[in-house]
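Visitor: Could you have a look at this structure, given as structure tokens, before my questions?
The values are calculated or read from the model by the stated rules, or taken from the named source; none is laboratory data. The structure presented is a predicted model; accordingly, all values stated were derived computationally and were not measured. Because the Cβ atoms are built from the backbone with ideal geometry, glycine has one as well, and the counts that use them run over all protein chains shown.
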Amino acid sequence: MKIARRVVLGTAMALAIFNPASAEDWPTRTVTVVVPIPAGVASDIMARVVFEQVGRQVGQTFVIENRPGAGGTIGTSVVAKAAPDGYTILVYGSIAAANALYERLPYDTVADFTPVVAFGQTPLVVVTAVGRYKTLAELIAAAKAKPGELNYASVGIGSAAHFGAVRLAASAGITVQHVPFKGQEWLTDTIAGRVDFSVLPVTTIIGQIRDGKLTALAVGANERAASLPDVPTLIEAGLKADAIYPFYTGAYVPSKTPRAIVDKLHDEVVQALAVPSVQERLAKIGVEKLPMTVAEFEKFFKDDVANNLTLVKEANIPKQ
């Protein structure tokens, strides 16, 4: 009995020593960062900027792996099923939206993930082809004159671009058609005027706005975006606050990831976000700060999940 007791105690002590040590040493090898959307859009850009710096800080490589498809659920599922060891990270801005939209998911959005850190928030901006509409009021008037005839592009069903336009349409009292794209054709068609407008993260289309390829009509935020100071907010353009769809990007890990690794990942990202060159790169593409502790981000995320469920129900968006 004494021998058995010593073995049990010895094992427990070994585990107690091993777990904190492994968390403290993380990462000791390459980390995969799954972005479940195509390269070049908001969450992908942020992931690359932030984890390039985190890699420098910890002396390891963070590989960005784009896994688009099925409204982001394919790549998200990969992370949900990954080992909870800190070596597979999800970076996504629409995980809560996908949770609200899909009838059946290969994972439980709340139970299977631990929210770690928010990279920042990116206001959505209403854009249209140059010369198409001069103001948001003109766009809304055209939509009311031809109910159901105007359309908008998005990067897919359940994306921020989709839900942002749904919020806008509901607040403005207009009926418009959704045209989802799987690739970058949404941008080409918006610039060419083959779709009437798009509601996209400023990060994704700031370059085209600055180059004069797109006209920005309004920004979905309570205050004007620092990156687009001359563009009015939706409220300034005559709509109510319910027209704003908050869009943020964060990092998540499988739910059973040790808390010590979660805390270290959070701290490394926060440190990276404080680096002047990172701040400059993110600010240049319209990302605004969204500082939160792990606990605050967990609550923020759960509230967002609930809000998206309400949006889908109230807007009668068909479940996928």
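Visitor: Considering only residues that are over 22 Å from LYS289 (Cβ atoms) and touching a Leu at 6+ places or on another chain (Cβ under 9 Å), which ones fall in segment 233-246?
Guide: If the condition is that a residue be over 22 Å from LYS289 (Cβ atoms) and touching a Leu at 6+ places or on another chain (Cβ under 9 Å), then ALA237, GLY238, LEU239, LYS240, ALA243 are the ones that fit.
Visitor: Turning to a different aspect of this structure: Looking at (1) at positive phi; (2) touching a helix residue (DSSP H, G or I) at 6+ places or on another chain (Cβ under 6 Å); (3) of a type in the set (S, T, N, Q), find the lone condition where ASN316 falls short.
Guide: ASN316 satisfies all of (1) at positive phi; (2) touching a helix residue (DSSP H, G or I) at 6+ places or on another chain (Cβ under 6 Å); (3) of a type in the set (S, T, N, Q) except (2).
Visitor: Of the numbered conditions (1) surrounded by fewer than 22 Cβ atoms within 10 Å (Cβ to Cβ); (2) under 20 Å from LEU234 (Cβ atoms); (3) among the β-branched types (Val, Ile, Thr); (4) modelled with pLDDT under 95, ILE174 satisfies every one except a single condition; which is it?
Guide: Unmet condition: (4).
Visitor: Against the condition over 22 Å from VAL130 (Cβ atoms), in contact (Cβ under 8 Å) with a residue 60 or more places away in the chain and in a loop (DSSP other than H, G, I, E, B), how does LYS256 come out, does it pass?
Guide: So LYS256 passes the test.
Visitor: Ok, one more. If VAL312 passes every condition in (1) at pLDDT below 95; (2) assigned to a loop (DSSP other than H, G, I, E, B) but one, which one does it miss?
Guide: Here VAL312 clears every test but (2).
Visitor: Determine if segment 62-76 includes at least one residue that is touching a Gly at 6+ places or on another chain (Cβ under 9 Å), of a type outside the set (Lys, Arg), in a strand (DSSP E or B) and over 25 Å from PHE300 (Cβ atoms).
Guide: There is at least one residue in segment 62-76 that is touching a Gly at 6+ places or on another chain (Cβ under 9 Å), of a type outside the set (Lys, Arg), in a strand (DSSP E or B) and over 25 Å from PHE300 (Cβ atoms).
Visitor: Mind listing just one residue for me: the one in segment 28-37 that is outside any strand (DSSP E or B) and crowded, with 21+ Cβ neighbours inside 10 Å and, of those, modelled with the highest pLDDT?
Guide: Within segment 28-37, the match that is modelled with the highest pLDDT is PRO36.
Visitor: Look through GLY55, GLY59, GLY40 and report the one residue that is assigned by TED's automatic domain parsing to the domain that holds ASP263 and modelled with pLDDT under 95.
Guide: Unique residue meeting the criteria: GLY40.
Visitor: Among all residue pairs at least 6 apart or on different chains, which show Cβ distances below 6 Å where the first residue, located in segment 188-216, is farther than 12 Å from VAL125 by Cβ and the second is part of a helix (DSSP H, G or I) and of a type in the set (D, E, K, R)?
Guide: Partner pairs satisfying both residue conditions: VAL195/ASP189.
Visitor: Assess whether ALA295 counts as being of a type in the set (Gly, Ala, Ser) and under 14 Å from VAL50 (Cα atoms).
Guide: Answer is no for this residue.
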